[in-house]
1. Being within 28 Å of Ser225 (Cα to Cα) and free of Cβ contacts under 8 Å to residues at least 24 places away in the same chain is the filter here, so list the residues in region 155-169 that pass it.
2. Could you list, ordered by first residue, the pairs with Cβ atoms under 6 Å in which the first is in region 212-238 and of a type in the set (Phe, Trp, Tyr) and the second is open to solvent by less than 20 Å² (accessible area, probe 1.4 Å), at least 6 apart or interchain?
3. Scan region 284-301 residue by residue and report those that are open to solvent by 10 Å² or more (accessible area, probe 1.4 Å) and within 24 Å of Arg343 (Cβ to Cβ).
4. For region 184-239, name all the residues that are within 15 Å of ligand 2 (Cβ to nearest atom), closer than 19 Å to Ser105 by Cα, open to solvent by 60 Å² or more (accessible area, probe 1.4 Å) and over 34 Å from the mean Cα position of the chain (by Cα).
5. Within region 56-77, count every residue that is in a helix (DSSP H, G or I) and of a type outside the set (A, V, I, L, M).
6. Provide a single number: the residues in region 341-364 that are open to solvent by less than 50 Å² (accessible area, probe 1.4 Å), under 18 Å from Gly282 (Cα atoms) and outside any strand (DSSP E or B).
7. Here is a list: Ala53, Ala26, Ala40. Which entry is within 10 Å of ligand 1 (Cβ to nearest atom), within 17 Å of Val120 (Cβ to Cβ) and under 20 Å from the mean Cα position of the chain (by Cα)?
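The values are calculated or read from the model by the stated rules, or taken from the named source; none is laboratory data. Quick caveat: nothing in here was measured; it's all calculated off a predicted structure. Ideal geometry is used to build each Cβ from the backbone, glycine not excepted, and the neighbour counts take in all protein chains shown. Note: areas computed on protein heavy atoms with side chains; ligands, DNA, RNA excluded. Shrake-Rupley method; radii C 1.70, N 1.55, O 1.52, S 1.80 Å.
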Amino acid sequence: MTAIDEPGAAADPSLDGPAVGVIVVAAGSGTRLGAGIPKAFVSLAGSTVLEHALAPVFRLRDAVQVVVVVPADRVGEAEAIGRRAAGKAADHLRVAVGGDTRQSSVLAGLAALWPGVRTVLVHDAARALTPTEQFERVIDAAARTGWGVVPGLPVTDTIKRVDAGDLVEQTVDRAALRAVQTPQAFPRDGLVAAFRVAEDRLAAATDDAALYADAGHPVLTVAGSEAAFKITTPWDAQRAERLLVDRDREREVGARPTTSIRTGIGIDVHAFTDDGELSLAGLSWPGERPLAGHSDGDAVAHAIVDAVLSAAGLGDIGSMFGTDDPRFAGASGAVFLRAAVERLHAAGFVVVNVAVQLVGNRPRFAPRRTEAEGVLSGLVHGPVSIAATTTDALGFTGRGEGVTAIATALIERR
Ligand SMILES: Nc1ccn([C@@H]2O[C@H](COP(=O)(O)OP(=O)(O)OP(=O)(O)O)[C@@H](O)[C@H]2O)c(=O)n1
Ligand SMILES: C[C@](O)(CO)[C@H](O)COP(=O)(O)O
């Protein structure tokens, strides 16, 4: 892609090109962010701020021309980022070189618009999480009214006007205020003219709507979005990164049919007794007091059975095996686990993973954790992890009267 200010720029469509142009201003230095590089080129969740900002633009319902305005030494990088974001619409992308102020960068963007563009949107790359629907809302309102249109949010803080000494002079009526965001939409000719008459006031204007209104034109506000916050400080960047990571994770899980992933939980409690040998977590524990119960009392295995069955909506260990069925008198945990997993597979699910928390003073679990995890993982055909803890002498487990096991299971439709 050839930058608009270099000779031999690709032939621009004449009047039959897109009617809407989006100028994405990304030439700022990012002083307040303090990243040491221009803010638009800082990486967040694996992509640059600029690439995040361009993604919703290239998802717009109708084709638009996109002009990205960047520092002179970042044109090549911006073209590569722009092409990646644009995909098949790469021929609608132009890159222009910005200036020392935001408004001079906007001017550079205006100069790169194709002749057919009648409505122009100006958008801060720094508002990198702005949703596509905010662009559509602004475009639709501009088409409906022919006015300037800005997205804004109600002000939730109390705003005070202060004098030169920071003494409060007045509390402002915030009901009449809006915290204005971007993209801001305008009739192209009106905005170009507004910039032309404001030339000595350009730098003082912090947004384009101020210049457009100063030229006597109406500006309408439409709903903004909390997600369209401007990444200005390091705190904003951390917030944006967290939101992007969470959004990617949701998209990943969401990409699968919602019914495919399910989670279940199970708990089981058994008291110690004196006859026999302890069975717990699929292992025999010579020398340890056994757990009482109709079966062998393996609380870990039983908790896993309940977690797996509850995840698939197949009831629980009691409804499946009964609480005093003679066939299961003294039965080991493995018997219940195999039967439960067979039912799970028959219902069309497989185990993704199981996590268990064992609470009790005895046995000392850590030396045989890996062995137990291996036995149980083999029985459920999926990874089982086991953590063990005590209650520091609190409650019946803390008095050494018995153990509690809590299990969670994640299952997936095959
Ligand atoms: N000379 C400039 C200054 C700002 N911008 C763009 O205008 C938007 C809003 O500006 P701001 O958040 O202030 O960005 P910076 O100027 O980079 O930040 P700072 O003021 O902290 O340096 C940003 O997308 C920024 O890239 C621009 O294109 N050219
Ligand atoms: C254009 C803007 O994002 C609207 O809120 C804001 O005015 C930009 O201000 P900045 O100081 O240039 O970041």
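1. Of the residues in region 155-169, the ones within 28 Å of Ser225 (Cα to Cα) are 155-161.
Residues satisfying the conditions are Thr156, Asp157, Thr158, Ile159, Lys160, Arg161.
2. From region 212-238, the pairs are Tyr212/Gly148; Tyr212/Phe186; Tyr212/Leu191; Tyr212/Ala194.
3. Result: Gly293, His294, Ser295, Asp296.
4. Hits for region 184-239 are Arg201, Ala203, Ala204.
5. As a first pass, look at region 56-77 and keep what is in a helix (DSSP H, G or I): 56-57, 72-77.
Still in the list and also of a type outside the set (A, V, I, L, M): 56, 73-74, 76-77.
Of the residues in region 56-77, 5 are in a helix (DSSP H, G or I) and of a type outside the set (A, V, I, L, M).
6. Number of matching residues: 3.
7. Values: Ala26 fails: under 20 Å from the mean Cα position of the chain (by Cα); Ala40 fails: within 17 Å of Val120 (Cβ to Cβ).
That would be Ala53, the only listed residue that is within 10 Å of ligand 1 (Cβ to nearest atom), within 17 Å of Val120 (Cβ to Cβ) and under 20 Å from the mean Cα position of the chain (by Cα).
To keep it simple, each residue is scored yes or no on (1) β-branched (Val, Ile, Thr); (2) at negative phi; (3) more than 16 Å from ligand 1 (Cβ to nearest atom); (4) outside the structural domain of Val24 (by TED's automatic domain parsing).
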| position | (1), (2), (3), (4) |
| --- | --- |
| Asp163 | no, yes, yes, no |
| Gln170 | no, yes, yes, no |
| Leu177 | no, yes, yes, no |
| Pro183 | no, yes, no, no |
| Pro187 | no, yes, yes, no |
| Gly190 | no, yes, yes, no |
| Phe195 | no, yes, no, no |
| Val219 | yes, yes, yes, no |
